[in-house]
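Trainee: Dumping the structure here so I can ask a few things about it.
The values are calculated or read from the model by the stated rules, or taken from the named source; none is laboratory data. Here the structure is a predicted model, which means the values were calculated and not measured. All Cβ positions, glycine included, derive from the backbone under ideal geometry; neighbour counts span all protein chains shown. When the accessible area is computed, the model is the full protein with side chains, heavy atoms only, and any ligands, DNA or RNA have been set aside. Shrake-Rupley method; radii C 1.70, N 1.55, O 1.52, S 1.80 Å.
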Amino acid sequence: MAKEFDKYSYYKESVQNPEGDVDFYLKTYKQIRKKKPVSLREDFCGTFAISCAWVKLDKSFEAYAIDLDKEPLEYGKKNYLPQLKAEEQSRLHVYNKNVLDKKLPSTDICVAVNFSYYLFKKRNELLKYFKNAYEHVNKDGIFIIDCFGGGQCQAAIEEETIHKDFSYYWDQVNFNPITNEAEFYIHFKLKGQKKMEKLFYYDWRMWTIPELREILIEAGFKKTTVYWEGTNSKGEGNGEFTPTEKGEECDSWIAYVVAEK
Ligand SMILES: C[S@@+](CC[C@H](N)C(=O)[O-])C[C@H]1O[C@@H](n2cnc3c(N)ncnc32)[C@H](O)[C@@H]1O
């Protein structure tokens, strides 16, 4: 029987950079709070690759990973957890829970990344989630979310990224300017094989940065800061995010919003 296609491993290679992500969280917390954090909560964690990278950073670090869906959690337990030392595993806690649950672990840093919270399409729903995040961030804690946009994200477009042995496709199916809603698929094509379509699906509202900042303040956070990505010599994102109030009109951009309790 043909081996089942391991969509999470291709997803990780295409869109995730857990080591880079945790470096940014640690650096940002230290810059803002002038001390070292201990605990990280990864909301919408999927296969909890970020939590795995967090516990590897420091012997005192604890990670709490939250997801509603057992499937990616089981994948992480089977494939990523065994790559950690026993001692690192003991500092990683996985919860099959809703991020809206009132009883979640409180941490120094809470992150909601890969735009997962875009699934809350109504302002009230997003406010409810941000309020719950606020309640569960420690005193002196920070909440980090990412977001994306730009003219290219306001139209149907399929983008192919070619890797050594496969192609990754980010397929935006539509964009409704009245609601700012859009649907997306991820497809993969292994070299010499048929394209495998619709392996991941997202139905999102494309929240704007000013909306997000207003809702975070309404949820209780004292201050928000936008971290904008720098560009390399080719005009592409260089993976370095710095605080600013002035972005560039790129066709497509990614940014972080960091909210302080
Ligand atoms: C876009 S995926 C991101 C997964 C992960 N952050 C990553 O990059 O691999 C969104 C995840 O959010 C989870 N999810 C959706 N609604 C949720 C909720 N209300 N509470 C917890 N997890 C939820 C889904 O099960 C899915 O694993």
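Every residue, every condition in (1) more than 21 Å from Phe24 (Cβ to Cβ); (2) open to solvent by less than 60 Å² (accessible area, probe 1.4 Å), yes or no:
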| position | (1), (2) |
| --- | --- |
| Leu126 | yes, yes |
| Val137 | no, yes |
| Ile144 | no, yes |
| Gly151 | yes, yes |
| Asp165 | yes, no |
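Trainee: Ok, one more. What residue, among those in segment 69-105 that are among the acidic types (Asp, Glu) and part of a helix (DSSP H, G or I), is farthest from Lys56 (Cα to Cα)?
Mentor: Glu71
Trainee: Return the residue satisfying two criteria in turn: it lies in segment 38-90 and is basic (Lys, Arg) and within 12 Å of the ligand (Cβ to nearest atom), and of such residues it is farthest from Lys103 (Cα to Cα).
Mentor: Lys70
Every residue, every condition in (1) closer than 23 Å to Arg33 by Cβ; (2) assigned to a strand (DSSP E or B); (3) at pLDDT 95 or above, yes or no:
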| residue | (1), (2), (3) |
| --- | --- |
| Phe188 | no, yes, yes |
| Leu199 | no, yes, yes |
| Tyr202 | no, yes, yes |
| Trp207 | no, no, yes |
| Arg213 | yes, no, yes |
| Leu216 | yes, no, yes |
| Gly220 | yes, no, yes |
| Thr224 | yes, yes, yes |
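Trainee: Ok, one more. Condition test on Glu13, is it of a type in the set (Asp, Glu) and open to solvent by 50 Å² or more (accessible area, probe 1.4 Å)?
Mentor: yes
Trainee: Considering (1) touching a helix residue (DSSP H, G or I) at 6+ places or on another chain (Cβ under 8 Å); (2) open to solvent by 60 Å² or more (accessible area, probe 1.4 Å), say which one Glu197 fails and leave the rest.
Mentor: Unmet for Glu197, out of (1) touching a helix residue (DSSP H, G or I) at 6+ places or on another chain (Cβ under 8 Å); (2) open to solvent by 60 Å² or more (accessible area, probe 1.4 Å): (1).
Trainee: Right, next: Restricting attention to segment 192-236, report how many residues are within 30 Å of Phe166 (Cβ to Cβ), of a type outside the set (Gly, Ala, Ser) and more than 16 Å from the ligand (Cβ to nearest atom).
Mentor: Of the residues in segment 192-236, 10 are within 30 Å of Phe166 (Cβ to Cβ), of a type outside the set (Gly, Ala, Ser) and more than 16 Å from the ligand (Cβ to nearest atom).
Trainee: Here is a follow-up. Every residue in segment 143-170 that is in contact with a helix residue (DSSP H, G or I) (Cβ under 6 Å, 6 or more places away or on another chain) and either farther than 30 Å from Phe188 by Cα or not in a strand (DSSP E or B) (or both), please.
Mentor: Phe143, the sole residue that qualifies.
Trainee: Continuing with the same structure: When the residues of segment 40-68 are narrowed to those that are open to solvent by 20 Å² or more (accessible area, probe 1.4 Å) and basic (Lys, Arg), which ends up nearest to the chain's Cα centre (by Cα)?
Mentor: Lys56
Trainee: Can you report the number of residues in segment 106-130 which are more than 18 Å from the chain's Cα centre (by Cα) and either part of a strand (DSSP E or B) or within 14 Å of the ligand (Cβ to nearest atom) (or both)?
Mentor: Total satisfying the criteria: 3.
Trainee: Of the numbered conditions (1) over 30 Å from Gln31 (Cβ atoms); (2) open to solvent by 50 Å² or more (accessible area, probe 1.4 Å), Phe175 satisfies every one except a single condition; which is it?
Mentor: Here Phe175 clears every test but (2).
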